[in-house]
Amino acid sequence: MKPWDAEHRADLDLAKRLIEIQFPNLKPANLKLLGEGWDNLAYEVNQKFVFRFPRRQISVDLIRTESEVLPSVAPRLPLPIPNPIYLGQPTKDYPWPFAGYKMLE
């Protein structure tokens, strides 16, 4: 296994299912892949939100810390930053937390 290989990957179907189950107000969730990097997989959801799913264990603490820190930092900054408003929980199908943010213009 290469260091950049995903340990878990939330493919489109899994991501849609997780979002719709945990956040029923987003049903029906229309997902579009935005990108896949070293640590996260990102989907546009309903043309309003971006959801990020960790690909590797090492990025789980990063998304948790980001979800805790960004809301308190955002009001102090001169530019808008991603602010997690949806905090997904691990399930039997996907073992890590994930986060959803309002899409920035």
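The values are calculated or read from the model by the stated rules, or taken from the named source; none is laboratory data. Everything numeric here is computed off the predicted structure, so don't read it as measured data. As a convention, Cβ positions derive from the backbone with ideal geometry for all residues, glycine included, and neighbour counts pool all protein chains shown. Side chains included, ligands, DNA and RNA excluded: accessible areas come from the protein's heavy atoms. Shrake-Rupley method; radii C 1.70, N 1.55, O 1.52, S 1.80 Å.
Here, the chain yields an orientationally averaged convex hull projection of 6.9 nm² when only Cα atoms define the hull. The charge dipole of the range 1-51, taken about its Cα centre with unit charges on the Cβ of Lys, Arg, Asp and Glu (plus for the first two, minus for the last two), comes to roughly 240 debye.
Computed from point charges on the beta carbon alone (+1 for Lys and Arg, -1 for Asp and Glu), the dipole magnitude for the chain about its Cα centre is near 180 Debye. Solvent exposure of the chain, expressed per residue, is 63 Å² of accessible area, with all protein chains present and a 1.4 angstrom probe.
Out of the chain, which chymotrypsin sites (Phe, Trp or Tyr not before Pro) are coil in DSSP terms and have no more than 15 other C-beta atoms within 10 Å? Filter output for the chain: Trp4, Trp38. On the accessible surface of the chain, probed at 1.4 Å, how many percent belong to carbon and sulfur atoms? The C+S portion of the solvent-accessible surface of the chain is 56 percent.
Along the positive direction of the dipole of the chain (beta-carbon charges: Lys, Arg +1; Asp, Glu -1; about the Cα centre), which of Pro3, Leu41, Ile58 reaches farthest? Positive-most Cα among the choices belongs to Leu41. Approximating the spin labels as points 7 Å out from Cα along Cα→Cβ, the Leu79-to-Asp11 distance works out to 3.7 nm. Calculated on the alpha-carbon coordinates, the convex hull of the range 1-49 measures out at 75 cubic angstrom per residue. Considering helices alone, the calculated mean residue ellipticity of the chain at 222 nm is -7500 deg cm²/dmol, with DSSP H runs of length four and up weighted by -39500 (n - 2.57) and normalised per residue. A full extension of the chain between Ser72 and Gln57 corresponds to an added length of 2.9 nm, given 0.36 nm per residue minus the alpha carbon distance. The Cα center of the range 1-65 and the Cα center of the range 73-105 differ in position by 11 Å. If the segment from Lys48 to Leu34 were pulled out straight at 0.36 nm per residue, it would be longer than the present Cα-Cα gap by 3.8 nm.
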